[in-house]
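These notes concern the structure reproduced below.
All of the numbers you see were taken from the coordinates with simple rules; none came from a lab. Quick caveat, the model's predicted, so the values are computed rather than measured. Virtual Cβ from ideal backbone geometry, glycine too; neighbours counted across all protein chains shown.
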Amino acid sequence: MTEASIVLRPAAPSDVSLLFDWVNRPDSLSNKLQTQAPITPARHRAWFAERLADPDSAIWIAERDGEPLGQVRLQRKGGGLEVDIYIAAQARRGRLGGLALAQAARLAAVRWPGVPLLARVKPANRASRRLFLGCGYTVVADRPDQVVYELRRSAGAEA
Ligand SMILES: CC(C)(COP(=O)(O)OP(=O)(O)OC[C@H]1O[C@@H](n2cnc3c(N)ncnc32)[C@H](O)[C@@H]1OP(=O)(O)O)[C@@H](O)C(=O)NCCC(=O)NCCS
């Protein structure tokens, strides 16, 4: 798969059900650091509306041939942009995660120049750990509950 074969498009209000489905998948919930319980439709709707209106957040849907296969979300917290990624199970292990992360980093560099990307990963989440290391992130904290990865960027740098 080449980078040109996937597109990251901004999430729209009509993606509410798609993202609700993905967030409540067991492999999504089990990898969350805080929210392990299923998320209710009302809570998801409120959260999604808030994210879409938030200038410090971005959500992109990763598509191949018009088919939505995953999402990347960035949310500015403190001095960094926290990354959340989900690739639908049937599309995994084909480098889509890495391609989506690379595109998200480029979009972030334009929108938030110089702001580092941060990922908080459960130590048992081997796929994510390989993903972030493979995308140039480095470990900045290794704790029993989470490993924190950071992608440092200089203002205006190309990805
Ligand atoms: C993590 C996730 C996004 C990876 O997506 P993906 O499209 O499979 O990723 P890629 O194909 O680009 O693979 C990235 C690396 O992870 C490795 N990898 C993928 N799945 C793996 C697994 N189950 N076990 C070990 N390594 C794995 C790949 O081999 C690759 O490593 P390499 O470059 O050294 O060969 C996907 O597994 C996912 O959505 N998981 C559930 C949600 C989640 O955990 N999100 C992250 C929360 S921080």
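Each of 18, 72, 35 was scored by the projection of its Cα onto the charge dipole of the range 3-151, and the greatest displacement toward the positive side belongs to 35; charges sit on the C-beta of Lys, Arg, Asp and Glu. Near residue 143: Cβ cut-off under 13 Å, other residues only, Lys/Arg at +1 and Asp/Glu at -1. The net charge is 0.
Across the chain, C-alpha contacts under 8 Å between residues 6 or more apart give a mean separation that, scaled by the residue count, equals a relative contact order of 20 percent.
Taken as entire DSSP H runs, the helices of the chain never both span 24 Å or more between Cα atoms along their own long axis and average 1.0 or more on the Kyte-Doolittle scale. Computed about the Cα centre, the dipole magnitude for the chain is approximately 360 debye when only Lys and Arg (+1) and Asp and Glu (-1) carry charge, each at its Cβ. Dipole magnitude for the range 1-93: computed about the Cα centre from +1 point charges on Lys and Arg Cβ and -1 point charges on Asp and Glu Cβ, it is near 240 debye.
Other residues lying with their Cβ under 13 Å from the Cβ of residue 23 contribute a combined charge of +2, Lys and Arg counting +1, Asp and Glu -1.
Here 61, 87 are placed in order of increasing Cβ neighbour count within 10 Å, fewest first, which gives 61, 87.
With all pairs of different alpha carbon atoms counted, what Kirkwood hydrodynamic radius in Å does the range 3-151 show?
Mean inverse Cα-Cα distance, inverted, gives 15.7 Å.
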